[in-house]
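To start, the structure itself, in structure tokens.
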Amino acid sequence: MDETFGARRFIPHDRGSPLDEFQTGLVELLPRLRRLARAITRSDADAQDLVQETVERCLAKRGGWQAGTRLDSWAFTIMKRIHIDQGRARARWSKVVSPEDERTPQQADAAMADEDLRADALAVRGAIQALPEDQRMAVALVLIDGLSYAEAAVVMGVPAGTLTSRLVRGRQTLIQTLADAGVTA
Amino acid sequence: MTIDDLTLMAFVDGELSAAERAAVEAAMAADPSLRARADAFRMARSAARDAFPIASDPRDAALTALIAGSGKAAAPGMAERLRGWFGALSAPRVAAWGALATACFAAGIAVGVLGPSDDTGFALDRQGAIADAGLVKVLNQRAAADGADAQGRAVGLTFRASDGRWCRSFQSADDGVAGLACRQDKGWRAEAVAPFAAPAGEIRTASSETPPAVLAAVDALIDGDTLDAAAEQDAIRNRWR
């Protein structure tokens with residue numbers, strides 16, 4: 001991880017107590033939570049909802065986190081569960097057969113346009129968002145957030161072999177899509 | 001050992017043991033198509049990572065308030081001020097610093113939530129310029145050797161940025177903020193902020209430790225060396241031209 005600065009930071013307060021380790025950790029995790037949400041949902045609005053719900057659930061289930069253990073895996077697992085539940089709810093109501101089926105890639109939404117991404121990066125985003133749910137999550141955790149296979153398997157709640165097979169399939173598709181689109185590294 | 005896509009992928013991701021790695025390298029030496037395939041996996045990895053950069057986001061202000069207040073909503077007016085702060089700190093050049101933006105955003109918002117009232121103390125305007133008159137005066141006129149003023153404000157390093165702007169690191173113990181400001185449009189623009197706690201009970205001096213996020217910003221911007229006392233006095237006297 002390249003986003004941490006030191007083990008613990010005291011956030012000064014002129015009244016009352018400073019933020020504790022859990023609160024500080026969760027605040028510092030927000031950009032990574034947001035990035036993961038962007039990678040696994042299909043729109044900026046969905047991503048925002050997912051981040052909001054994840055943070056609320058993390059705060060509500062705070063007692064379930066053990067100090068000294070990985071806060072990121074714990075929070076990502078919560079986000080994953082919410083996302084799957086949301087997908088099931090959407091499937092029930094919109095008569096989509098299964099989240100695992102290929103969907104047609106949606107157009108890059110307007111929010112992405114003003115992030116100053118090159119056209120290549122937008123093509124990559126589209127390719128990832130077109131992946132089936134499980135492959136997309138594996139790609140997001142390992143390639144985008146940078147978790148190890150073991151860490152990603154924990155978040156997804158599957159054996160390492162399942163994680164790697166989802167990852168390799170997602171990546172094979174990505175390689176093919178990028179080659180077809182003429183995108184070079 | 002079979003060198004299939006799974007193996008090549010694990011090789012690229014650094015997930016193989018030393019022995020397995022050696023076996024893959026040997027196979028690649030004999031078969032260049034394997035290396036090409038591994039490169040494709042590597043390229044997909046960096047393309048995916050680059051397509052989703054870490055960036056600060058104004059909407060995280062309310063989330064931070066939620067986390068910090070453990071459920072209490074931010075005070076009226078505070079949410080608007082946080083959005084202003086946030087907008088300033090998430091300007092494109094800051095977002096390009098990736099990890100630095102993360103630290104600044106986390107620190108800046110925490111300070112915004114927990115700091116003094118809306119009317120006094122450390123504040124930024126919508127363009128990210130420092131709106132705290134006392135701090136502006138310190139940045140304009142104070143030397144590092146002067147130490148801290150009565151409000152615990154002090155300057156640290158002074159230098160020229162690679163784009164030619166004058167920059168100074170500062171601390172404001174009363175506001176609990178340290179940072180880096182660069183002179184722009186006759187004002188001082190905050191390039192980095194971080195929480196800062198002066199040691200309790202001690203006389204505040206300018207030699208208190210500068211937060212790593214601020215030092216990182218100095219490293220990112222500096223062109224050449226920091227100014228010595230004489231050069232610093234010249235710059236002050238010349239009103240930072």
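Between A:A185, A:A130, which is away from every other protein chain (no Cβ under 11 Å) and modelled with pLDDT under 95?
Details: A:A185 fails: away from every other protein chain (no Cβ under 11 Å).
After applying the criteria, what remains is A:A130.
Among the numbered conditions (1) at pLDDT below 85; (2) assigned to a loop (DSSP other than H, G, I, E, B); (3) crowded, with 20+ Cβ neighbours inside 10 Å, tell me where B:A148 comes up short.
(1)
Report, ordered by the first and then the second residue, all pairs with beta carbons closer than 9 Å, sequence separation of six or more or different chains, a first member in the stretch B:181-193 that is free of Cβ contacts under 8 Å to residues at least 60 places away in the same chain, and a second member that is among the basic types (K, R) and outside any strand (DSSP E or B).
B:C182/B:R165; B:R183/B:R165; B:Q184/B:R165
Can you list the helices (runs of 4 or more DSSP H) lying wholly within the stretch A:127-185 that have 3 or more residues being polar (S, T, N, Q) and without any contact (Cβ under 8 Å) to a residue 24 or more places away in the chain? Give the derivation first.
Details: elements: A:133-139, A:149-156, A:160-180.
Result: A:160-180.
Pull up the stretch A:18-44, narrow it to residues that are free of Cβ contacts under 8 Å to residues at least 40 places away in the same chain and either surrounded by fewer than 16 Cβ atoms within 10 Å (Cβ to Cβ) or more than 19 Å from A:K80 (Cβ to Cβ) (or both), then point me to the one that is farthest from the other protein chains (Cβ to nearest Cβ).
As a first pass, look at the stretch A:18-44 and keep what is free of Cβ contacts under 8 Å to residues at least 40 places away in the same chain: A:18-20, A:23-24, A:27-28, A:30-31, A:34, A:38.
From the residues that got through so far, the ones that are either surrounded by fewer than 16 Cβ atoms within 10 Å (Cβ to Cβ) or more than 19 Å from A:K80 (Cβ to Cβ) (or both) too are A:18-20, A:23-24, A:27-28.
Working: A:P18: 8, A:L19: 6, A:D20: 10, A:Q23: 5, A:T24: 8, A:V27: 5, A:E28: 5 Å.
Within the stretch A:18-44, the match that is farthest from the other protein chains (Cβ to nearest Cβ) is A:D20.
The values are calculated or read from the model by the stated rules, or taken from the named source; none is laboratory data. This one's a predicted model, so the numbers in the text were calculated from it and none came from an experiment. Heads up, the Cβs are rebuilt from the backbone with ideal geometry, glycines too, and the neighbour counts pull from every protein chain shown.
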